[in-house]
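First up is the structure itself, then whatever we jot down about it.
The values are calculated or read from the model by the stated rules, or taken from the named source; none is laboratory data. Keep in mind that this is a model prediction, so the values were computed, not measured. We place every Cβ from the backbone using ideal geometry, glycine too, and count neighbours over all the protein chains shown. Side chains included, ligands, DNA and RNA excluded: accessible areas come from the protein's heavy atoms. Shrake-Rupley method; radii C 1.70, N 1.55, O 1.52, S 1.80 Å.
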Amino acid sequence: MQKVAGKNHLSEKFVHESESFEIDEGWWDSILAEEHNPRTSASMAAKASIRSEPDIDWDLVEGFHARDEVITLRVNGFNRGGLLVQGDGIQGFVPVSHLVSVSGCDPEEQTLSLKDYVGKELELKVIECDPSQDRVVLSERAALAGEGCRKRLFKTLKAGDVICGTVTNVTDFGVFVELGGVEGLIHVSELSWGRVNHPKEILSVGQKIETQVLFISEEDEKVALSYKRQFPNPWADILSEYEPGMVTSAIITSLTRYGAFARIKKGIEGLIHISTINLKKAQGDFSEKITLEEFLHPGQQVDVRILHIDVNRRRLGLELMDCE
């Protein structure tokens, strides 16, 4: 049986027309930097498998992709990135993140799980088809959405819509979400109104979430999403509650070589610069310098004075009050 779904990952150029929102610096650099995309290894594996068997019927493969068909292929190998699959006139690669029952396993379990796939048949959709790069990438997750769903989504989906999806991959620069035949990207800058050390702190593979569509391109099959816009922006009215000189309570969230980050009541994080922290501990008539880690720790409640608030740059400067 053959059915369809198709999509390319968000690592190619996306034409950004006039939008009513702003994107943080690094958005496009991260999307366009193929070397930072963990799918690169999957694409390389796909290339390697295709080049070893040059009998690809590209018209057939492009037809599967264009018609958004579900096709049945046999698994004939695997590596740590996913499965090698093959059928008449087609062969390609299925990344781990696009397998229904493998994502989220620990490495050892994942290897055993992938090995068990060898010799089995899977219902898949072509989500990437690039003859110039010798690349065919397929998805089991996309096939679950059914035939033709990609085209229906692109016809009905528009910027501002809220849509449910499942997290398929968490990377350094963002989170990929399966929307039902189409995969979108939540860039790290769109995960939280606060500071994000790593996207895995916000979302995890397999998690079902609601996201807001920022923009779409049916031609390139790209969807950019936002998770944070489902929640009120705490920066919008911070000046109505806080002002420089005010003392408030805060929770230490992380330590760095240049100071400590602390979260105030509204969920906004500010920086306590190390130059404002007294790291000398009295020892009788003398004082001993201690490390920041000896003085503060994540989760610690402290009192801070607000030094400055920069709403446009989303910067909050704090000073640590006397702390035992």
Top-ranked residue of region 102-120 - restricted to ones that are on the phi < 0 side of the Ramachandran plot and part of a loop (DSSP other than H, G, I, E, B), ranked as most open to solvent (accessible area, probe 1.4 Å): Lys120
Of everything in region 299-324, what is assigned to a loop (DSSP other than H, G, I, E, B), charged (D, E, K, R) and either touching a strand residue (DSSP E or B) at 6+ places or on another chain (Cβ under 9 Å) or closer than 12 Å to Met246 by Cβ (or both)? Give them in sequence order. Asp322
Go through Asp303, Asp310, Asp322 for me and flag whichever is modelled with pLDDT of 90 or more, farther than 30 Å from Ser204 by Cβ, loosely packed, with under 12 Cβ neighbours inside 10 Å and charged (D, E, K, R). Asp310
So Thr72 clears everything in (1) open to solvent by 20 Å² or more (accessible area, probe 1.4 Å); (2) in contact (Cβ under 8 Å) with a residue 60 or more places away in the chain; (3) part of a helix (DSSP H, G or I); (4) not acidic (Asp, Glu) except one condition, right? Which one? (3)
Under 6 Å between Cβ atoms, at least 6 apart or on separate chains: pull out the pairs that start in region 145-173 with a residue that is aliphatic (A, V, I, L, M) and end on any residue that is in a helix (DSSP H, G or I) and open to solvent by 30 Å² or more (accessible area, probe 1.4 Å). Val170/Lys200
Can you find a residue in region 222-233 that is over 20 Å from His187 (Cβ atoms) and hydroxyl-bearing (Ser, Thr, Tyr)? no
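Just to verify a result, which residue in region 82-101, among those that are surrounded by fewer than 21 Cβ atoms within 10 Å (Cβ to Cβ) and under 22 Å from Thr166 (Cβ atoms), is modelled with the highest pLDDT? I'd like the intermediate steps shown before the answer.
Looking only at region 82-101, we keep the residues that are surrounded by fewer than 21 Cβ atoms within 10 Å (Cβ to Cβ), and these are 86-89, 100-101.
Applying the additional criterion that residues be under 22 Å from Thr166 (Cβ atoms) yields 100-101.
Working: Val100: 83, Ser101: 80.
Residue satisfying both the conditions and the ranking: Val100.
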Checked Lys115, Lys151, Lys125 against criteria (among the basic types (Lys, Arg) and modelled with pLDDT under 85); the one match is Lys151
